[in-house]
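Colleague: The structure that follows is given in the form of structure tokens.
The values are calculated or read from the model by the stated rules, or taken from the named source; none is laboratory data. Since we're looking at a predicted model, the values are computed, not measured. A quick note on method: Cβ atoms are made from the backbone with ideal geometry, for glycine too, and the neighbour counts reach across all protein chains shown.
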Amino acid sequence: MKLFPTAAAIAVAAISFANIAVAQSLDDLLAGADAGAGERAFRQCKPCHTVESGGANRTGPNLYNALGRDVAAADFRYSKALQEFGGTWTVERLYAFLENPRKAIPGTKMTYRGLSDAKDRANMIAFLNQNSDAPQDFGSAGTESQAVEQEEDFGQLFIAPGVEETYYACTACHSEMIVAQQGKTRDGWDDLLDWMIEEQGMSELPSDERDIILDYLAEHYNIDRPNFPRN
């Protein structure tokens, strides 16, 4: 008698082959990942996270030794969703989480929108991997920076001193258009930052960085909004 595989068996086999393909693709991405580019991508995470050894927790936990550690380590007050997710941060889990945190772990309090580009996610993982007591071996390029410095894209924001700090402080949670569409005095922007910290859970900015951002906003996004996008 000839035996035919059941539909369930076929589905399981298809999922297994898909998982193998994804794993192979991720291995290739990590083997060619650029930690230097990952460090630049991490700038958008800095308002909420530190990454150096011994760094303080902010709105989010310090990310030194992130790869391989418990998802909900004891030194930070994690959401119930992450506590229930449990386990450790494998490369595969972190890769999925960086793409869309709220899809990967429904109920997470993390408001980060995610990195849609697979190469960007691999680069950031390579950077995080460097910030560890025991970096993993990703292959030929995973721990070496090979990036050619490129002009950065700050979207709608006016290019001037302070744009980088402003862009990365704001776009971890918001579109830069939220900034570009407003117009406030320096005191008004200062009050808004206070409100974001006190009511919205934003981390305190270092005083020198806050001054740079306020100076930039006061000059380029004051009440007359000289750089408001008109198109």
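Colleague: Is it fair to say Ala147 is surrounded by fewer than 17 Cβ atoms within 10 Å (Cβ to Cβ), among the aliphatic types (A, V, I, L, M) and at pLDDT below 90?
Modeller: On the way: surrounded by fewer than 17 Cβ atoms within 10 Å (Cβ to Cβ): yes; among the aliphatic types (A, V, I, L, M): yes; at pLDDT below 90: yes.
Considered against the rule, which asks whether it is surrounded by fewer than 17 Cβ atoms within 10 Å (Cβ to Cβ), among the aliphatic types (A, V, I, L, M) and at pLDDT below 90, Ala147 comes out as yes.
Colleague: Please go through the stretch 30-51 and pick out each residue that is assigned to a helix (DSSP H, G or I) and surrounded by fewer than 22 Cβ atoms within 10 Å (Cβ to Cβ).
Modeller: Here is the first cut: in the stretch 30-51, the ones assigned to a helix (DSSP H, G or I) are 30-31, 35-45.
Ala31, Gly36, Glu39, Arg40, Ala41, Phe42, Arg43, Gln44, Cys45 - these are the residues of the stretch 30-51 that are assigned to a helix (DSSP H, G or I) and surrounded by fewer than 22 Cβ atoms within 10 Å (Cβ to Cβ).
Colleague: Still on this structure, I have one more. For the stretch 60-80, give me each residue that is of a type in the set (A, V, I, L, M) and crowded, with 18+ Cβ neighbours inside 10 Å. Show your work before the answer.
Modeller: Taking the stretch 60-80 and keeping what is of a type in the set (A, V, I, L, M), we get 63, 66-67, 71-74.
Residues satisfying the conditions are Leu63, Ala66, Leu67, Val71, Ala72.
Colleague: Identify, by number, the condition in (1) modelled with pLDDT of 90 or more; (2) of a type in the set (A, V, I, L, M, F, W, C); (3) in a helix (DSSP H, G or I) that Ala11 doesn't meet.
Modeller: Result: Ala11 fails condition (1) only.
Colleague: Oh, and also: Restricting the search to the stretch 70-108, which residues are closer than 18 Å to Asn129 by Cβ and of a type in the set (Ser, Thr, Tyr)?
Modeller: Thr88, Thr90, Tyr95
Colleague: Is it the case, given these coordinates, that Pro106 is surrounded by 18 or more Cβ atoms within 10 Å (Cβ to Cβ) and part of a loop (DSSP other than H, G, I, E, B)?
Modeller: Numbers: surrounded by 18 or more Cβ atoms within 10 Å (Cβ to Cβ): no; part of a loop (DSSP other than H, G, I, E, B): yes.
It is false that Pro106 is surrounded by 18 or more Cβ atoms within 10 Å (Cβ to Cβ) and part of a loop (DSSP other than H, G, I, E, B).
Colleague: Continuing with the same structure: Regarding Ala169, is this residue assigned to a helix (DSSP H, G or I) and within 15 Å of Pro47 (Cβ to Cβ)? Walk me through it before giving the result.
Modeller: On the way: assigned to a helix (DSSP H, G or I): yes; within 15 Å of Pro47 (Cβ to Cβ): yes.
For Ala169, the condition - assigned to a helix (DSSP H, G or I) and within 15 Å of Pro47 (Cβ to Cβ) - is met.
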